[in-house]
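So the structure is just underneath, and the comments pick up after that.
The values are calculated or read from the model by the stated rules, or taken from the named source; none is laboratory data. Predicted model, so just to flag it, every value in this text is computed and none were measured. Neighbour counts run over all protein chains shown; Cβ positions are idealised from the backbone, glycine included. With ligands, DNA and RNA removed, areas are computed over all heavy atoms of the protein, side chains included. Shrake-Rupley method; radii C 1.70, N 1.55, O 1.52, S 1.80 Å.
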Amino acid sequence: MIRKENTKLSLTRQCKLLKISRSSIYYTPVGVNAETLKLMHEIDRIFTKYPFFGSRQIADICI
């Protein structure tokens with residue numbers, strides 16, 4: 001775990017030891033809005049019914 005208050009190791013050094021990018025420690029996840037979630041469920045429903053469809057065919061049905 002990265003500790004920003006750790007004075008013995010810099011943030012850069014901690015990230016190098018953990019093999020993660022320094023920018024990733026500042027990332028805060030963003031929630032998914034209801035409209036996106038509804039679309040994701042629709043795509044999942046279509047893919048479950050037609051698992052052989054590709055992205056273009058799924059997009060044609062969703063529109």
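Of the chymotrypsin sites (Phe, Trp or Tyr not before Pro) found in the range 3-63, those in coil by DSSP whose Cβ has at most 12 other Cβ atoms within 10 Å are 27, 52. Ligands, DNA and RNA aside, residue 61 has an accessible area near 80 Å² when probed at 1.4 Å. Per residue, the accessible area of the chain comes to 94 Å², computed with a 1.4 Å probe over protein heavy atoms only. When the chain is described by a simple charge dipole with +1 on each Lys and Arg Cβ and -1 on each Asp and Glu Cβ, the residue from 24, 41, 52 located farthest towards its positive end is 24. Taking Rg/Rh (Cα atoms, Kirkwood Rh) as calculated from this structure, the corresponding entry among [x] 1.33; [y] 1.10; [z] 1.06 is [x].
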